[in-house]
Every structure is written in structure tokens, then in C-alpha cells.
């Protein structure tokens, strides 16, 4: 029954892929030797990796707290996952207004006499470390990973953890040696999804990123929309490079799913 839809999607994707390969032909040499492209790839990988790790570090303890249960859990869980309904662009605008050197926190610091001017406030937006971009993604992806982890935790048999505690394991050792290995396949798949999205997304790096180096999706888009049409083959090559990383992540996701 899904055949017709799959055929349409595969045909559209296949046409786009073939068109990209044909239009990028001859531009790969320039792309692979471009310092700007390699810098964009590096900053994109950094954004994806840092966002995924930080979101995971926050999401897993939050899921453990929600699993244990407490008074007001329903309201807290609702507030925890409300970010899922907020677009990434809205979150990016919030980070811009709050953390920019002319933003709300900088003004509060100035009025509190902690700084004497906007330049003394830490550069968290348009900065080389992409801190503002990472903050946006962490804020947005923590609920997703938290719900994935919570679902995995609720599907566990508590006998394994109880046996570990009975045999003398502390709560921390029981988590590291029993609980985490059991939920790792689900958690790893969620992390792959988050990394793939944060690596290939365009809007947040375009709004909060610095001029150089630009994230690879931003660099590809701006090359494609350049008035110089000769830049389009390179843009197609960069898009295919992003797609190649995504294909590798999909393969890893499917392998984890089979295991």
C-alpha cells in the first residue's frame, strides 16, 4: 500500500540527486581544495557534535528524574516538552535578543555595573565557537532526546537494576553498567537524528553564525543563490557533501536498529 508514495518520493529524490551529481561535475576539485569549504565542514561538525553531546548530557538525567516520579510530574513534563512546538528560528531569535552583546543580558550586566560597555559582554552570538547556535540547538533538542530516553527507560524491566542493587552496586554503578547499556540503542538512534539535523540545518547558522567560517549548509546556499551562476556547481558539490554525511548517519542508524 505504501508503494505508490515510496515510488513518488524515490523518483523526486532520485531526480534531484542525479541532477546534483551532473551539475556538480567538474567542481569537486575546487571544492575539495577550498579552505573555506573545509572550514565550513569543520564548524558544521563542531556544531552537530557539541549540540548532540550537550543535549544528551542534560536530557538523560532529566529523563531519569521524570521516570522516578514526583508531585507535579505531569505539569513539569508538559513544560519540559513544550519546546518541541517552537520553531528553531524562534529559538534563534530568542538567543539573539538575550545573548547578543546588545541584548537583554548585556544590558542587565551594564545596569548592574558588571560591565562598562557592550564590548565587555562575552561574544556568544556571531562568535568563532558558534556558542549561540549550539545554545539554540541544545534548548530545542533536549526535550526530544529526553522523551526518547524516557520511553526507553519506561520500557525496561526493573528486575535488572534491582538485581544490580541487591548485589551491592550503587545507584551510579547500576546506571552505568546496567541501565545505560540497555537504553543505549534507543538513545544512540536519537543522538544520530539530532546530529544529522544540527549538521545539515541552515536557518540557525545563517542567523547566528559569523561571516567566516560559515557553516557548510549556509555556504552551499549562498553559493547557489550567488549572482554568479558559475558558483552553482560548487554549491551542488557542497550539498552532495552534506548528503554524503547524512547517508553515512542513516546507515549507522539502520545498523543500530537491526542490532
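The values are calculated or read from the model by the stated rules, or taken from the named source; none is laboratory data. Small disclaimer: the values here were computed from a predicted structure and weren't measured. Ideal geometry is used to build each Cβ from the backbone, glycine not excepted, and the neighbour counts take in all protein chains shown.
The table that follows gives values for the structure above.
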read-out	value
Wholly within the range 1-93, helices (runs of 4 or more DSSP H) carrying at least 1 residues that are under 22 Å from residue 247 (Cα atoms) and without any contact (Cβ under 8 Å) to a residue 40 or more places away in the chain	3-24, 28-32, 35-68
Candidate set: the range 213-242, residues that are in contact with a helix residue (DSSP H, G or I) (Cβ under 7 Å, 6 or more places away or on another chain) and in a loop (DSSP other than H, G, I, E, B); chosen: the one modelled with the highest pLDDT	215
Any chance residue 124 is without any contact (Cβ under 8 Å) to a residue 40 or more places away in the chain and either under 22 Å from residue 218 (Cα atoms) or within 20 Å of the chain's Cα centre (by Cα) (or both)	yes
Subset of the range 133-163 [closer than 20 Å to residue 177 by Cβ and modelled with pLDDT of 90 or more]	149
Within the range 127-155, considering residues that are outside any helix (DSSP H, G or I) and surrounded by 15 or more Cβ atoms within 10 Å (Cβ to Cβ), the one farthest from the chain's Cα centre (by Cα)	127
